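Below you'll find the structure, written out as structure tokens, and then a few comments.
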């Protein structure tokens, strides 16, 4: 009888220390920030008071491995902002040799060769940070032989890089490492196009990396494409949705294969708005391009070169200033085009006639904000798409409810109910895909992978403790209610 009472309580008490955060420590600019970070253990939280933390010239590398139940957290103190600076460029700002279940929040990082380098990593969150003034890429996860999984890169401000200059370099050439099932959301990436930058992509996801969702980012003034994805080599499709892109130094979006490109707004690029072309071992196939609004100021609005498998281009609003609205080079029978509206010639299918001035609230080929691409009353975009290709939501996160308005916005009476296009963080947008496994569905615009799981937030230690104590109490209630009679 006593044994039945003791077992659940003992279990809770034994596991309580393992499920409770080990320590929360607060330091200031005069303290040893390197030593404090290096000493972190699972469940620890390091709170940095506002101010400047100057890193010494030597390499700063750390192993921070925790668990879903007991993550390691490094953050600025609430209401303050810590700034970590490296003045020398022969070392990266910080090298994370191993990082698992690590959360980095609301910290400014400046200088170094690369900013944040992850030599290996899983379930890492970088949120609300600023990375700038690097001599090379700002954030990199591209060490040979590694499989990165479950990163969450959220609402960071990344700008003014140098060297190769990428805002984010994720994965390796030719599948030499892979970066999978990540959520890259709400970031503001710009000015990766300095005079000495040799490349300068905004976000680059390399070959063999899949299941990633890139959404609600604002990317502009880049040297290379604003967003570049390669083939996934059999992994789930990458999803590129609801981003604002302009002043892209090459194409706005470039994809080799295996991607859903949906509900993006493109105001201008030096080359094409959306380009699907061979890259490394990938050739255009398994591509869905649906409900984008593209103003092509430099080249074609949408282009497909050398397709080797199915490519669907549907329900887009595509206006070309001097190039074609849709150019296809190669086997055109592999490209399906329907429900598109705009201006310019097309290689495949037909294009319903539209115009920038007649369809959009306040738009031009200026190539950058301010402008509004929301449909006017009486616009040719309203109901002009193909119902079978309708996506679930639009650029604002507004549900489309099966209505086939062409372009990135679902029409509604009055002015744009969502965020005003600008150089800055996009406003909070509900809904969207989740990273992880692929799938299909007409509600996502046709044959497409959707995502679920993969990057979900870690469980709260407090919640785990509460659940365990509840289990113990149930054992006590069971004991009192009937076990005394046994």
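The values are calculated or read from the model by the stated rules, or taken from the named source; none is laboratory data. This is a predicted model, so every value here is computed, not measured. Quick reminder, even Gly has a Cβ in these numbers, built from the backbone with ideal geometry, and neighbours come from all protein chains shown.
Which ones in the range 54-71 are part of a strand (DSSP E or B) and more than 15 Å from residue 34 (Cα to Cα)? Scanning the range 54-71 gives a single hit, 65.
Residues checked against (1) part of a loop (DSSP other than H, G, I, E, B); (2) at positive phi:
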residue	(1), (2)
342	no, yes
378	yes, yes
382	yes, no
395	yes, no
408	yes, no
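Can you report the number of residues in the range 159-171 which are more than 18 Å from residue 436 (Cα to Cα) and buried (at least 21 other Cβ atoms within 10 Å of the Cβ)? Qualifying residue count, the range 159-171: 6. Kindly check whether there is at least one residue in the range 95-107 that is over 22 Å from the mean Cα position of the chain (by Cα) and under 25 Å from residue 190 (Cβ atoms). Checked the range 95-107: no residue is over 22 Å from the mean Cα position of the chain (by Cα) and under 25 Å from residue 190 (Cβ atoms). Residues of the range 116-148 that are within 16 Å of residue 204 (Cα to Cα) and buried (at least 21 other Cβ atoms within 10 Å of the Cβ): 116, 117, 118, 136, 137, 138, 139, 140, 141, 142, 148. The residue list 391, 410, 353 contains one member that is modelled with pLDDT of 95 or more and over 28 Å from the mean Cα position of the chain (by Cα), which is 353. Inspect all residues belonging to the range 108-115 and state whether any of them is surrounded by fewer than 24 Cβ atoms within 10 Å (Cβ to Cβ), on the phi > 0 side of the Ramachandran plot and assigned to a loop (DSSP other than H, G, I, E, B). No, the conditions are met nowhere in the range 108-115. Does at least one position in the range 150-160 carry a residue that is free of Cβ contacts under 8 Å to residues at least 24 places away in the same chain and either assigned by TED's automatic domain parsing to the domain that holds residue 245 or not in a strand (DSSP E or B) (or both)? No; the residues of the range 150-160 include none that is free of Cβ contacts under 8 Å to residues at least 24 places away in the same chain and either assigned by TED's automatic domain parsing to the domain that holds residue 245 or not in a strand (DSSP E or B) (or both). Within the range 315-338, the set of residues being touching a helix residue (DSSP H, G or I) at 6+ places or on another chain (Cβ under 6 Å) and either within 18 Å of residue 386 (Cβ to Cβ) or at pLDDT below 95 (or both) comprises just one member, 315. Just to be sure, is residue 234 free of Cβ contacts under 8 Å to residues at least 60 places away in the same chain and over 28 Å from residue 183 (Cβ atoms)? So residue 234 fails the test.
Against the condition out of contact with any helix residue (DSSP H, G or I) (no Cβ under 7 Å at 6 or more places or on another chain) and either without any contact (Cβ under 8 Å) to a residue 24 or more places away in the chain or not assigned by TED's automatic domain parsing to the domain that holds residue 424 (or both), how does residue 174 come out, does it pass? Here the answer is no, as residue 174 does not meet what is asked. Looking only at residues in the range 348-364 that are touching a helix residue (DSSP H, G or I) at 6+ places or on another chain (Cβ under 7 Å) and closer than 27 Å to residue 247 by Cβ, the one that is surrounded by the most Cβ atoms within 10 Å (Cβ to Cβ) is 363.
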